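First the structure, in the form of structure tokens, and then the observations on it.
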């Protein structure tokens, strides 16, 4: 189950399967392109792992959920061994 909050027009926070996902608008500077950057973090920790830059917040959050699903599946397989 996921819960979502939008703190401003530039930040989306989502809790998903015990992880926190943050999509944040990244402004262009020094030649870097602008876009939505997605960060993930496990548990109550601030999301710190940058998993990429995306065209919109919805895509960024979906990619964050995909990352969480893969990480949880990997942990389940490791625990089953």
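As a length-normalised measure over Cα pairs under 8 Å and 6 or more apart, the relative contact order of the chain settles at 21 percent.
Using R0 = 22 Å, the C-beta based FRET efficiency linking residue 50 and residue 17 works out to 0.70.
Adding -39500 (n - 2.57) for every DSSP H run of four residues or longer, then dividing by how many residues the chain holds, sets the calculated 222 nm ellipticity at -10500 deg cm²/dmol. Residues within the reach of a label modelled at residue 78 (point 7 angstrom out along Cα to beta-carbon, backbone nitrogen below 15 Å), restricted to the stretch 7-49, are 42-43. Packing-based ranking of 36-47, 11-22 yields 11-22, 36-47, ordered from highest to lowest mean Cβ neighbour count within 10 Å. Per the Cα gyration tensor, the chain maps to an equivalent ellipsoid with semi-axes of 25, 14, 10 Å, ordered largest to smallest.
Our estimate of slack between residue 71 and residue 59, defined as 0.36 nm per intervening residue step minus the Cα-Cα distance, is 2.5 nm.
Here, each number is a calculation from the coordinates, and none is a lab measurement. Treat the numbers as computed from the prediction; the structure is a model and nothing was measured. All Cβ positions, even for glycine, are placed from backbone atoms using ideal geometry, and neighbour counts span all protein chains on display.
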